[in-house]
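This report refers to the structure that appears directly beneath it.
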Amino acid sequence: MTIDSSPHTPSKYGLSLVSDVTSETDDGPELTGSGLLAEKNRRLGRLDDLRARGIEPYPYRFDRTHTLREVRSEWGSLEAGTETESHVEVAGRIMLLREQGKLIFATVRDRSDEIQLFISKAVVGDEAFADISTLDLGDWVGVSGTVMTTRKGELSVKVANLSLLSKAVRPLPNKWKGLTDTDTRFRQRYTDLIVNEEARRAFEVRHAVISSFRRTLAGKDFIEVETPVLHVEAGGAHARPFVTHHNSLDMQLYLRIALELHLKRLIVGGMERVYEIGRVFRNEGISTRHNPEFTMMELYQAFGDYSEVMAIAEELIVQAARDAIGTTVVDIADTEGNLHTVDLAEPWRRARMIDLVEEKTGVAVHPSQSVDQLRKVAEDNGVRYDKHWGPGKLIEEIFEATAESSLIRPTFVTGHPVEISPLARTDRNDPFLTERFELFVGARELANGYSELNDPVEQRARFMEEQAAKEAGDAERGTVDEDYLRALEFGLPPTGGLGIGMDRVAMLLAGVHSIKEVILFPTLRPEVF
């Protein structure tokens with residue numbers, strides 16, 4: 001319903017720039033306490049007034065004919081001062097509102113774009129004009145009108161009718177400063193998205209990356225599947241699980257820490273090429289690179305090995321860059337904040353973990369060496385270790401402390417020790433290493449993959465070692481998954497597997513440095529109201 005005239009004087013909050021409404025501080029809008037309460041009460045009073053006049057301020061629907069991007073795409077080339085007879089119905093949130101005599105100019109935004117509303121008292125009438133002047137920044141409106149350009153060439157909709165679609169009771173943050181407190185930004189993501197163009201862009205990139213992955217994998221005949229979130233055994237990775245309880249079955253369950261073991265069961269079942277993009281959960285620390293729940297893409301391909309899925313990983317990410325940001329050239333920050341311009345389309349380096357350690361320490365290491373030898377290397381490089389760690393775990397910790405931070409350009413780190421790779425197949429040329437890789441970009445791990453271990457006897461022995469390590473105090477180790485072992489006994493063909501952290505790929509391509517920037521609702525401490 002079109003808004004009718006209002007009996008009270010238009011408030012300045014409906015007529016000025018956002019900066020007249022609020023002034024953002026580190027603690028949130030300047031309108032706090034009694035100031036915010038007074039403004040909310042003013043807006044609530046407006047709601048009461050509209051309802052008293054028979055106007056519903058929250059109507060059920062609005063039928064638009066065009067998005068704002070579609071309007072701009074079709075009429076964006078109009079010459080200045082042009083009026084058309086092209087009628088459109090558009091909707092959006094009011095981001096700017098100013099009155100100039102018998103004209104009101106408003107900027108509205110929908111998901112796709114922004115456009116100006118040109119509101120003339122001579123067109124809408126005195127009563128409607130007075131009512132429109134009482135709108136507030138943040139209000140959602142639906143508009144019927146014709147497309148035009150102003151004398152300055154601004155593409156606009158000349159309003160014939162305007163309907164209030166949703167009244168914003170709380171004022172928006174400052175237009176120019178947005179939400180300056182990062183905790184508030186992540187906690188109030190709905191507000192952040194309203195005022196922060198960079199936040200919206202980051203999630204557009206994320207969406208484009210996931211869509212690109214799906215298209216690329218569909219072109220390779222992979223089938224997208226869904227596997228359980230609740231697991232009887234927490235397996236497929238080294239991580240602490242979240243524990244829950246199923247009341248009806250009276251049993252303990254775990255939120256999945258990986259997608260791997262159920263997907264490989266499907267390869268046993270003959271599906272040959274499968275993938276899943278899904279949430280996984282790890283009960284561990286929160287940092288700029290870690291969130292307790294995050295998104296993984298895992299794929300498994302029968303009759304291949306780790307070299308093949310390395311190539312797929314490279315293709316997926318390079319194509320995602322083209323699709324999401326229109327280029328394969330990105331700026332990547334090192335651990336000191338220095339930017340490095342990298343073309344992802346250039347071939348990616350492949351290097352063994354033990355060779356990278358030797359490059360940085362000058363000492364050759366290998367999991368065939370004694371624990372004492374490797375402890376000495378750790379001590380010489382300031383790496384703390386646990387007395388329960390074997391040679392493989394020691395090498396991994398030395399690598400992380402000495403070499404990982406230097407891996408700015410895309411690098412496949414290969415040849416992980418058997419001890420830290422319970423699901424990977426032993427290297428065909430070295431029984432102490434595995435055919436496994438991790439992909440590092442910008443000193444961040446983005447992917448992990450390997451030639452899958454498909455010998456059920458050897459897999460049982462590896463699981464037993466995992467169980468022993470867990471009982472010795474390593475809470476991140478796995479257990480013996482009898483059902484998975486039974487599946488292997490039916491025969492898993494030669495298989496290559498790959499897991500990619502979708503959040504970290506989105507971070508890379510969006511050019512952001514915290515995982516919270518690409519997760520809509522990251523995990524935070526409870527808010528105290």
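Assorted remarks:
- Single residue of THR327, THR295, THR341, THR335 found to be over 24 Å from LYS220 (Cα atoms), under 23 Å from the mean Cα position of the chain (by Cα) and either without any contact (Cβ under 8 Å) to a residue 24 or more places away in the chain or crowded, with 19+ Cβ neighbours inside 10 Å (or both): THR341
- Residue check, GLY491 at negative phi and out of contact with any Lys or Arg (no Cβ under 8 Å at 6 or more places or on another chain): no
- Residue check, ALA475 of a type in the set (A, V, I, L, M) and assigned to a strand (DSSP E or B): no
- Scanning segment 210-234 for residues that are modelled with pLDDT of 95 or more and part of a loop (DSSP other than H, G, I, E, B) turns up LYS220, ASP221, PHE222, VAL225, GLU226, THR227, PRO228, VAL229.
Every residue, every condition in (1) touching a residue at least 12 places away in the same chain (Cβ under 8 Å); (2) closer than 21 Å to HIS262 by Cα; (3) touching a strand residue (DSSP E or B) at 6+ places or on another chain (Cβ under 8 Å), yes or no:
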site	(1), (2), (3)
LEU433	yes, no, yes
VAL441	yes, no, yes
LEU446	yes, no, yes
ASN454	yes, yes, yes
ALA461	no, yes, no
THR479	yes, yes, no
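- Checked against the criterion of being part of a loop (DSSP other than H, G, I, E, B) and hydrophobic (A, V, I, L, M, F, W, C), the candidates VAL480, VAL457 yield just one match: VAL480.
- Residues satisfying the criterion are present in segment 449-471 (criterion: within 28 Å of the chain's Cα centre (by Cα) and within 22 Å of THR414 (Cβ to Cβ)).
This table checks each residue for (1) assigned by TED's automatic domain parsing to the domain that holds ASN338; (2) more than 22 Å from MET297 (Cβ to Cβ); (3) surrounded by 21 or more Cβ atoms within 10 Å (Cβ to Cβ).
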{"position": "GLY473", "(1), (2), (3)": "yes, yes, no"}
{"position": "ASP483", "(1), (2), (3)": "yes, yes, no"}
{"position": "GLU489", "(1), (2), (3)": "yes, yes, no"}
{"position": "PRO493", "(1), (2), (3)": "yes, no, no"}
{"position": "PRO526", "(1), (2), (3)": "no, yes, no"}
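- Residue that is farthest from PRO292 (Cα to Cα), among those in segment 241-274 that are of a type in the set (D, E, K, R) and surrounded by fewer than 19 Cβ atoms within 10 Å (Cβ to Cβ): GLU272
- Across segment 275-290, the qualifying residues are those that are within 13 Å of the chain's Cα centre (by Cα) and modelled with pLDDT of 95 or more, and the one among them that is surrounded by the most Cβ atoms within 10 Å (Cβ to Cβ) is ILE277.
- Number of the condition not met by PHE432 [criteria: (1) at pLDDT 95 or above; (2) among the aromatic types (Phe, Trp, Tyr); (3) over 30 Å from ALA506 (Cβ atoms); (4) in a helix (DSSP H, G or I)]: (4)
- Counted residues, segment 351-368 - those being at negative phi and either of a type in the set (Val, Ile, Thr) or surrounded by fewer than 14 Cβ atoms within 10 Å (Cβ to Cβ) (or both): 8
- Only listed residue being of a type outside the set (A, V, I, L, M), modelled with pLDDT of 95 or more, assigned by TED's automatic domain parsing to the domain that holds GLY269 and out of contact with any Leu (no Cβ under 8 Å at 6 or more places or on another chain), chosen from SER307, SER368: SER307
- Check on GLU400, within 30 Å of LEU339 (Cβ to Cβ) and free of Cβ contacts under 8 Å to residues at least 12 places away in the same chain: yes
The rows are residues; the columns are (1) touching a strand residue (DSSP E or B) at 6+ places or on another chain (Cβ under 9 Å); (2) touching a residue at least 60 places away in the same chain (Cβ under 8 Å).
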| position | (1), (2) |
| --- | --- |
| LEU36 | yes, yes |
| LYS40 | no, yes |
| GLY45 | no, no |
| ALA52 | no, no |
| GLU56 | yes, no |
| PRO59 | yes, yes |
| HIS66 | yes, no |
| GLU70 | yes, no |
| LEU78 | yes, yes |
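The values are calculated or read from the model by the stated rules, or taken from the named source; none is laboratory data. If you're wondering where the values come from, they're calculated on a predicted model, not measured in any experiment. Here the Cβ is made from the backbone with ideal geometry for all residues, glycine too, and neighbour counts use every protein chain on show.
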